[in-house]
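Here the structure is laid out as structure tokens; the discussion comes afterwards.
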Amino acid sequence: MMIKGTGWITQDKYGCQKKKIQQNFADLKSLYSCLQPKIIKYPIANFLRFDTLSKLTTISIALALFDAKITYAQGKKQNIGLVGTNSNGALEANLAFFDDYIANGRTLARGNLFIYTLPSSPLAEAAIHFGLTGKLLYLGFEENIERESLKCACDMLKVESTKTIILVNANPQKTICRVLH
């Protein structure tokens with residue numbers, strides 16, 4: 001197993017490891033805009049509707065693919081798998097959905113909030129945008145989240161039908177994405 005590329009985002013910086021990129025940004029909307037079209041090749045459908053983890057996941061994957069020199073194009077499918085994890089699952093999205101439900105008199109909540117109540121939703125949004133057709137797996141660990149998710153991704157590379165897996169640990173404070181081959 002080798003790491004072909006790494007993309008990362010903190011609260012005010014983003015970068016790529018191999019290409020030695022490190023830049024500041026103000027917010028995710030401005031980051032998304034400044035990465036087009038060099039790193040984010042075409043607009044991400046419904047990006048402004050995404051929850052925070054979906055935005056972080058998708059942008060960090062774009063950075064990691066760029067760092068790994070893996071190209072993607074609209075309509076092009078690639079057999080690349082996704083393994084994702086984070087420290088809180090979809091807790092933030094679930095709280096937003098519940099608050100919206102209460103605010104609407106416990107009769108309705110917005111569907112665009114409901115979509116992100118599953119912790120695998122950020123991975124699914126990214127798979128759709130990048131045309132990734134490999135296995136998609138969300139993992140939750142109480143301890144050693146980085147080590148355990150990396151071990152799982154390596155095990156998948158050994159036995160699955162793909163030679164490339166993208167490993168994402170998405171948290172609002174720090175998101176890191178690695179392309180494993």
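Determine, yes or no, whether S60 is at pLDDT below 95, closer than 28 Å to R147 by Cβ, of a type in the set (S, T, N, Q) and crowded, with 20+ Cβ neighbours inside 10 Å.
No; evaluated as a whole, the condition is false for this residue.
Of all residues in the range 113-163, which are in a loop (DSSP other than H, G, I, E, B) and either closer than 15 Å to Q78 by Cα or of a type in the set (A, V, I, L, M) (or both)?
Correct list: L118, G131, T133, G134, K135, L139, E160, S161, T162, K163.
For the range 77-99, indicate whether the set of residues that are within 12 Å of F130 (Cβ to Cβ), assigned to a loop (DSSP other than H, G, I, E, B) and of a type in the set (G, A, S) is non-empty.
Checked against the condition, which is being within 12 Å of F130 (Cβ to Cβ), assigned to a loop (DSSP other than H, G, I, E, B) and of a type in the set (G, A, S), the range 77-99 yields no hits at all.
Only one residue in K4, K41, K55 is surrounded by 15 or more Cβ atoms within 10 Å (Cβ to Cβ), under 21 Å from L157 (Cβ atoms) and basic (K, R). Which one?
Only one candidate qualifies: K4.
The values are calculated or read from the model by the stated rules, or taken from the named source; none is laboratory data. Predicted model, so just to flag it, every value in this text is computed and none were measured. A quick note on method: Cβ atoms are made from the backbone with ideal geometry, for glycine too, and the neighbour counts reach across all protein chains shown.
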